[in-house]
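The values are calculated or read from the model by the stated rules, or taken from the named source; none is laboratory data. These numbers were taken from a predicted model, which means no experiment stands behind them. A quick note on method: Cβ atoms are made from the backbone with ideal geometry, for glycine too, and the neighbour counts reach across all protein chains shown.
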Amino acid sequence: MGASITFPRPDGQQISGYLADAGPGAPGVVVIQEWWGLNDQIRGVADRLAAAGYTALVPDLYRGASTVEAEEAHHLMSGLHFGDAASMDVRGAVQALKARGAAKVGVTGYCMGGALTILAMTMAPEADAGVVWYGYPPLEFVDASQIRGPLMAHWATQDGAFAIEGVDALEGKLHAAGVAYTGHRYLAHHGFANETAQGPGRIAMTQYDAAWAQMAWDRTLRFFGRTLG
């Protein structure tokens, strides 16, 4: 459905990404990968957004690398400069969608991408809204006063990667800064919206839950409908 494109970062460097185009005038959504990389599953998320009427762009944060092995994924994530990814790669993707004609652009991401969504909302002033899926950065790096657009988040109460106590602390910062924030909690495990997080190949802390995933997806589309038009 989509295609690979290249686009400029704010510093002028070129980065590649996967674009699922919903047509002229469609609002945009930047989709941020999990720690696995720009794989078929995250391309599928972009295609699903395009089918719902949003032109979606997935920046290739790992510059072509991806994996199905947790140890290698951890290695790739550990080598990623989160501040540069949020302020340059993701912001560049937001700017690229606006340059293509999207009046408003949202940001969404899963796991590692959820953490980067929060950072991008503080570092990409062009972003109009954000949806976080079960991931947050170290809270000392979150300057909530810089978040201008509305934010929605989906959290798993049984998350073994991002403890719900950290969500409590993050939400305290967001509320104190006056962010227009809505958080939803699900009796689920990490990765509950990733349809590949099931079966014998999954890592122990993840578990797909089709019912919760559909509810979170519906809430996301309603939110983007309100905030991006």
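Mind checking whether some residue in the stretch 188-210 is in contact with a strand residue (DSSP E or B) (Cβ under 6 Å, 6 or more places away or on another chain), touching a residue at least 60 places away in the same chain (Cβ under 8 Å) and either exposed (fewer than 15 other Cβ atoms within 10 Å of the Cβ) or assigned to a helix (DSSP H, G or I) (or both)? No, there is no match, as no residue in the stretch 188-210 is in contact with a strand residue (DSSP E or B) (Cβ under 6 Å, 6 or more places away or on another chain), touching a residue at least 60 places away in the same chain (Cβ under 8 Å) and either exposed (fewer than 15 other Cβ atoms within 10 Å of the Cβ) or assigned to a helix (DSSP H, G or I) (or both). Set side by side, the residues M77, M112 differ, and just one is modelled with pLDDT of 95 or more and among the aliphatic types (A, V, I, L, M), which is M112.
For T117, the criteria (1) part of a helix (DSSP H, G or I); (2) more than 24 Å from R100 (Cβ to Cβ); (3) β-branched (V, I, T) hold in every case but one, which is (2).
Restricting attention to the stretch 86-95, and to residues there that are aliphatic (A, V, I, L, M) and crowded, with 24+ Cβ neighbours inside 10 Å, which single residue is nearest to F224 (Cα to Cα)? Only one residue fits best here, namely V94.
Regarding L19, is this residue crowded, with 16+ Cβ neighbours inside 10 Å, under 22 Å from T227 (Cα atoms), in contact with a Pro (Cβ under 9 Å, 6 or more places away or on another chain) and of a type in the set (A, V, I, L, M)?
So L19 does not fit the description; no.
Residues that are at pLDDT 95 or above, of a type in the set (A, V, I, L, M), surrounded by fewer than 16 Cβ atoms within 10 Å (Cβ to Cβ) and under 18 Å from V105 (Cα atoms): does the stretch 31-51 have at least one? Within the stretch 31-51, one or more residues are at pLDDT 95 or above, of a type in the set (A, V, I, L, M), surrounded by fewer than 16 Cβ atoms within 10 Å (Cβ to Cβ) and under 18 Å from V105 (Cα atoms).
Residue count for the stretch 111-129 under the criterion of being within 8 Å of the chain's Cα centre (by Cα) and either closer than 18 Å to L221 by Cβ or of a type in the set (D, E, K, R) (or both): the result is 3. Output the residue which, of all residues in the stretch 158-185 that are touching a His at 6+ places or on another chain (Cβ under 9 Å) and more than 18 Å from T108 (Cα to Cα), is surrounded by the most Cβ atoms within 10 Å (Cβ to Cβ). If we take residues in the stretch 158-185 being touching a His at 6+ places or on another chain (Cβ under 9 Å) and more than 18 Å from T108 (Cα to Cα), then D159 is surrounded by the most Cβ atoms within 10 Å (Cβ to Cβ). For A56, the stated conditions hold: it is in a strand (DSSP E or B) and over 16 Å from G135 (Cβ atoms). Would you be able to say whether some residue in the stretch 166-173 is part of a loop (DSSP other than H, G, I, E, B), farther than 19 Å from I42 by Cα and not hydroxyl-bearing (S, T, Y)? No, every residue in the stretch 166-173 fails to be part of a loop (DSSP other than H, G, I, E, B), farther than 19 Å from I42 by Cα and not hydroxyl-bearing (S, T, Y). Cβ separations smaller than 9 Å between residues 6+ apart or across chains give the following pairs from the stretch 154-179 residues that are within 16 Å of D143 (Cα to Cα) and touching a residue at least 24 places away in the same chain (Cβ under 8 Å) to residues that are among the aromatic types (F, W, Y) and not in a loop (DSSP other than H, G, I, E, B): V167/W155; L174/Y181.
Beta carbons closer than 7 Å, at least 6 apart along the sequence or on distinct chains, pair a first residue in the stretch 81-100 that is under 11 Å from P59 (Cβ atoms) with a second that is among the polar types (S, T, N, Q) and surrounded by 18 or more Cβ atoms within 10 Å (Cβ to Cβ) for L97/T55.
Report yes if T122 is in contact with a strand residue (DSSP E or B) (Cβ under 8 Å, 6 or more places away or on another chain), polar (S, T, N, Q) and modelled with pLDDT of 95 or more, otherwise no.
On the way: in contact with a strand residue (DSSP E or B) (Cβ under 8 Å, 6 or more places away or on another chain): no; polar (S, T, N, Q): yes; modelled with pLDDT of 95 or more: yes.
In short, no.
Quick one: would you say A26 is crowded, with 16+ Cβ neighbours inside 10 Å and assigned to a loop (DSSP other than H, G, I, E, B)? Answer is yes for this residue. Can you spot a residue in the stretch 76-93 that is over 10 Å from G28 (Cα atoms), assigned to a loop (DSSP other than H, G, I, E, B) and of a type in the set (A, V, I, L, M, F, W, C)? The answer is yes; a qualifying residue exists. Of the numbered criteria (1) free of Cβ contacts under 8 Å to residues at least 40 places away in the same chain; (2) crowded, with 18+ Cβ neighbours inside 10 Å, the one A65 fails is (2).
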